[in-house]
Each structure stands twice: as structure tokens, then as C-alpha cells.
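Have a look at the structure that comes next, please.
Just so it is clear, none of the values below were taken in a lab; they were calculated from the coordinates. In this text, all values refer to a predicted model and were calculated from it rather than measured experimentally. Methodologically, a virtual Cβ is constructed for each residue, glycine included, from the backbone with ideal geometry; neighbour enumeration extends over all protein chains shown.
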Amino acid sequence: MDNQHFVDEIDSIRDTDPRYELDAYVFVCEALQYTSRMLDKPRSGPDRHVSPIELLEGIRKYALQEFGPMARTVFGTWGITRTGDFGNVVFNMIDREIFGKTGTDKPEDFADGYAFEDAFTKPYLPTGRPGPQRSTRPGGRPRLP
């Protein structure tokens, strides 16, 4: 599918389901390609299928690579706030035959894949020992050196 035809198809999807920005659809397509390469999937045949769980993990890794600590913010500007939103984007494209699916794939497979806080914020929080504690005297006043 050429780029203009893809954009036209997504615009048509967005006419009936405006929840997600064009960039969300582009990102999911790129993340699917990233995931296929990551899993060393063949280019054709039944073994090329990427499961919803595999795709969610690929989306997480690709987002961290592309957007770093801004991933959650970027997704929010596109209308994506939970993994179920990725499922909605995927199934909107399945309905237009941009993506394919197996007989067992369903949108619910994307629900509760991971918490965005855990996936996109926690990897960038500081880790290690807490800083030194100030000692206090009885009564809660700090001790002077």
C-alpha cells in the first residue's frame, strides 16, 4: 500500500472513529514492523503473524527507543492512554484490511496488557539508595553538627 492510499484509508477510519490521531496509526504500523524484525518473523506465510501480546511488547520497546521518557506524553496527544487503545487502532486497521488477523485475535486481547506508568514512566525514574538521612533529636529538631 502506498503512503497516500494509507493516509486516505486512515482518514476514512478517522471520519467514523476520531478518537486517535493519524500519527497513532502510523506508529502502530511502524511498531508492527519493528516487532516482526525483533521476533525474526518471515515476510509471508502463517508464521509471520504477530500476536497481540507480542505486538504490545514491541510497541513498548519501540516507543522507549523512539520517544524515551516522552512516550507516554506523545501517546496522550494521539489519544492513546492504555493498551486497549492500541487494540482499537489495530482493529480499525483490520476492519479496513490494512492488517490481517487470525480467527482467535480479538480487541480484548490488548486490554490490560500493561500499565502505562510501569511501561513508559518507571524506566526513567531514578533508582538506587535514598540519599543520606538527617539525624534528629528527640522532639523532631535537627541535630547541629
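What number, in percent, do you get for the relative contact order of the chain if the mean sequence gap of Cα pairs under 8 Å and at least 6 apart is divided by its residue count?
23 percent
Can you list the HN-Hα couplings for the stretch 106-119, worked out from phi with the Karplus curve (6.51, -1.76, 1.60; θ = phi - 60°), rounded to whole Hz and with x for Gly and Pro?
With the stated coefficients, the stretch 106-119 comes to 8, x, 4, 4, 8, 5, 6, x, 6, 7, 4, 4, 5, 7 Hz.
If we count every other residue with Cβ under 11 angstrom of Gln33's Cβ, Lys/Arg +1 and Asp/Glu -1, where does the sum land? Intermediate values should be presented prior to the final figure.
Working: positive: Arg37, Lys41, Arg43; negative: Glu30.
Overall, the nearby charge balance is +2.
Would you mind checking the radius of gyration and Dmax of the chain based on alpha-carbon positions, in Å?
21.1, 73
Restricting to DSSP H runs of at least four residues, report the calculated mean residue ellipticity at 222 nm for the chain, -39500 (n - 2.57) per run over all residues, nearest 500 deg cm²/dmol.
That comes out to -15000 deg cm²/dmol.
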